[in-house]
Amino acid sequence: MKTLSIPAEISQALPHVTAVSISISGGKDSQAMQRAVMAQVTAPRFDLVHADLGRAEWPQTPQFVERMGLEVDLPVNVVQRVKGDLVQRIEERLDTVSTIDGTKPAKPFWPSAAQRYCTSDLKRGPIQKHQRTLCKDGLIISCAGMRAQESSNRSKLPTVKVESALTSKPYKDLSPEAAIQAWLDNDKQGRLVLLWLPIHDWTEDEVWESLGSSQEDVERRRDLYRSGRGAEALTGWQAHPACVFGNQRLSCALCVLAGCGDLCNVGERHRERCAKYVELEDRSGYTFKAGMSLKDLPANPHSLPIVSEEPAEQPCQLCLF
């Protein structure tokens, strides 16, 4: 396994930490992060937390996340939005933000890069609510599996920062180093939470290697799965099965930020999830993605040629997976 590059601020914090809280989605990055942190970091308490998106999840995710906890003999704290799952939140947005009126067009209501309420309301909010329960006075290191290689925006994220939404007022506007020192000088009064991205500098190859696999192994297993040899494709597989089914990333089963290939994959295997979102498309007059309705997903993506995925803002190229 690749050795973590532990920043100076985290090394400064670890001797005084109350808990290391690890957010796990079930995707390969959070799985690799969990394994690396728990293998290479010493802490008095590790906390695993998973934000359950309800009907928007892959059906296999709850069981897979539970397995991640069993591997390290820890319970997984499953958190949810109190007022309903992501599908319900999208419906609420349609009813409150959109204008359902035949004389004028509806306003957009789907999550988007500019409107990431799916993340804030269904993931970050419930996870932070849980992390507040870990201590009133103490130091928490909150770990997230974002990597610089994933996108230009993620490459610009700081590896360590003070999580101001969870941190007591005297420390929330300070740099990590200054916040730690101020908290120590104040006899560890109040809560200080540091957000750490442990595998921010890892490549995708390094992630797969840490999970006992490789890009070549992934493609081999996908070929087996496409040829109808599903059991063989998943034998010995350690990551989420959606990776073998063909998904490049794992988030919501249907994510507006996903490549067209991932949407094709979900559209083929989980038609009931697509059907619900198509219903919302019809009701609102707005397609799931700009210029692309989920109705356009092919019934059998295996019949399509393999093409490179384009960014979401580009015209859809429906691909194999």
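The values are calculated or read from the model by the stated rules, or taken from the named source; none is laboratory data. These numbers were taken from a predicted model, which means no experiment stands behind them. Please note: Cβ atoms are built from the backbone with ideal geometry, for glycine as well, and neighbour counts cover all protein chains shown. Side chains included, ligands, DNA and RNA excluded: accessible areas come from the protein's heavy atoms. Shrake-Rupley method; radii C 1.70, N 1.55, O 1.52, S 1.80 Å.
Candidate cross-link partners of Lys172 among the aspartates and glutamates, defined by an alpha-carbon separation under 19 Å and a same-chain spacing of 8 or more, comprise Glu9, Asp137, Glu163, Asp185, Asp187.
Rounding to the nearest 20 debye, state how big the charge dipole of region 1-137 is about its Cα centre with +1 on each Lys and Arg Cβ and -1 on each Asp and Glu Cβ. Present the calculation step by step, with values, prior to reporting the outcome.
On the way: 18 positive and 15 negative charges, 54 e Å.
Computed charge dipole of region 1-137: roughly 260 debye.
Coupling constants for region 63-71 follow from the phi torsions by the Karplus curve (6.51 cos²θ - 1.76 cosθ + 1.60, θ = phi - 60°), and in residue order they are 5, 5, 5, 4, 5, 4, x, 4, 4 Hz; glycine and proline get x. Over 30 Å apart at the Cα level, from the set Lys156/Lys295; Lys83/Lys169; Lys2/Lys289; Lys2/Lys161; Lys28/Lys188; Lys136/Lys276, are Lys156/Lys295; Lys2/Lys289; Lys28/Lys188; Lys136/Lys276. Between Gln12 and Arg220, the simple spin-label model (points 7 angstrom out along Cα→Cβ) gives 4.6 nm.
Hey, can you find the accessible area per residue of the chain for me, probe 1.4 Å, expressed in square angstrom? Show your work: numbers first, answer last.
Numbers: 14930 Å² over 321 residues.
Solvent-accessible surface per residue comes out at 47 Å².
When Rg and the Kirkwood radius Rh are both evaluated on Cα atoms of region 209-296, their ratio Rg/Rh stands at 1.05. Give, rounded to the nearest 20 debye, the magnitude of the charge dipole that the chain has about its Cα centre when Lys and Arg contribute +1 at Cβ and Asp and Glu contribute -1 at Cβ. So the magnitude is around 720 debye. Just check region 1-52 against the gyration tensor rule for me: Cα atoms, a ≥ b ≥ c as the square roots of the eigenvalues, rounded for a/c under 1.5, and otherwise prolate or oblate depending on whether a/b exceeds b/c. Judged from the Cα gyration tensor, region 1-52 comes out oblate (a/c at least 1.5, b/c at or above a/b). Computed from the Cβ-Cβ distance with R0 of 41 Å, the FRET efficiency linking Arg283 to Ser168 stands at 0.40.
Over region 41-182, what portion of Cα pair distances is larger than 27 Å, expressed as a whole percent? List each step's numbers first, then the result.
Working: 3707 of 10011 pairs.
Of all Cα-Cα distances in region 41-182, 37 percent exceed 27 Å.
Amide hydrogen proximity for Ile22: with H placed 1.01 Å from N in the peptide plane, the residues at 5 or more positions away or on another chain lying under 5 Å are Asp47, Leu48, Val49, Cys143. Between Gln238 and Ser151, what is the label-point separation in nm under the 7 Å Cα-to-beta-carbon projection? With each label placed 7 Å out from Cα toward Cβ, I get 2.8 nm. Across all directions, the average flat footprint of the convex hull enclosing the Cα atoms of region 139-180 is 3.3 nm².
Where only DSSP H runs of four or more residues are counted, the chain gives -10500 deg cm²/dmol as its mean residue ellipticity at 222 nm, each run worth -39500 (n - 2.57). Farthest toward the positive end of the dipole of the chain, out of Ile199, Phe109, Ile140, is the Cα of Phe109, where the dipole comes from beta carbon charges about the Cα centre.
Dividing the mean sequence gap of close Cα pairs (under 8 Å, 6+ apart) by how many residues the chain holds gives a relative contact order of 18 percent. I need the shape label for region 113-152. Rule: rounded when a/c is under 1.5, else prolate if a/b > b/c, else oblate, with a, b, c from the alpha carbon gyration tensor. Oblate shape, in that a/c is at least 1.5 and b/c is the bigger or equal ratio.
Note on region 107-222: the alpha carbon radius of gyration divided by the globular reference 2.2 N^0.38 Å gives 1.33.
Accessible surface of region 30-131, 1.4 Å probe: 51 percent of it comes from carbon and sulfur atoms.
Model label sites at Ser5 and Thr203, defined 7 Å from Cα along the beta-carbon direction, differ in position by 1.4 nm.
Taking the charge dipole of the chain about its Cα centre, with +1 at Lys and Arg Cβ atoms and -1 at Asp and Glu Cβ atoms, the residue from Gly212, Val20, Trp183 reaching farthest to the positive side is Trp183.
Residues within the reach of a label modelled at Arg116 (point 7 angstrom out along Cα to beta-carbon, backbone nitrogen below 12 Å), restricted to region 247-283, are 257. Past the 27 angstrom mark, what percentage of all C-alpha to C-alpha distances in region 139-284 do you count? Counting pairs separated by more than 27 Å, the tail of P(r) holds 46 percent. With N as its number of residues, region 25-75 has a Cα radius of gyration that, divided by 2.2 N^0.38 Å, comes to 1.18.
Classify region 1-117 as rounded, prolate or oblate, taking a ≥ b ≥ c as the square roots of the eigenvalues of its Cα gyration tensor: rounded when a/c is under 1.5, otherwise prolate if a/b is larger than b/c and oblate if not. Walk me through the intermediate numbers first.
Working: a/c = 3.00, a/b = 2.22, b/c = 1.35.
Verdict is prolate for region 1-117.
Projecting the Cα atoms of Gly285, Ala51, Val65 onto the dipole axis of the chain, where Lys and Arg carry +1 and Asp and Glu carry -1 at the beta carbon, places Gly285 farthest toward the positive end. Around the Cα centre of region 40-96, unit charges on the Cβ atoms of Lys, Arg, Asp and Glu (plus for the first two, minus for the last two) sum to a dipole of about 120 debye.
Of all beta bridges that DSSP places with both ends in the chain, some 20 percent have antiparallel geometry.
Viscosity 1.002 mPa s, temperature 20 °C: what is the translational diffusion coefficient of the chain from Stokes-Einstein with a Kirkwood Rh over Cα pairs, rounded to a whole number of µm²/s?
Working: Rh = 21.1 Å.
In µm²/s, the coefficient rounds to 101.
Note on region 153-213: the alpha carbon radius of gyration divided by the globular reference 2.2 N^0.38 Å gives 1.47. Find the percent of Cα-Cα distances in region 219-270 that exceed 13 Å, and round it to a whole number. Above the 13 Å cut-off, region 219-270 has 55 percent of its Cα pairs.
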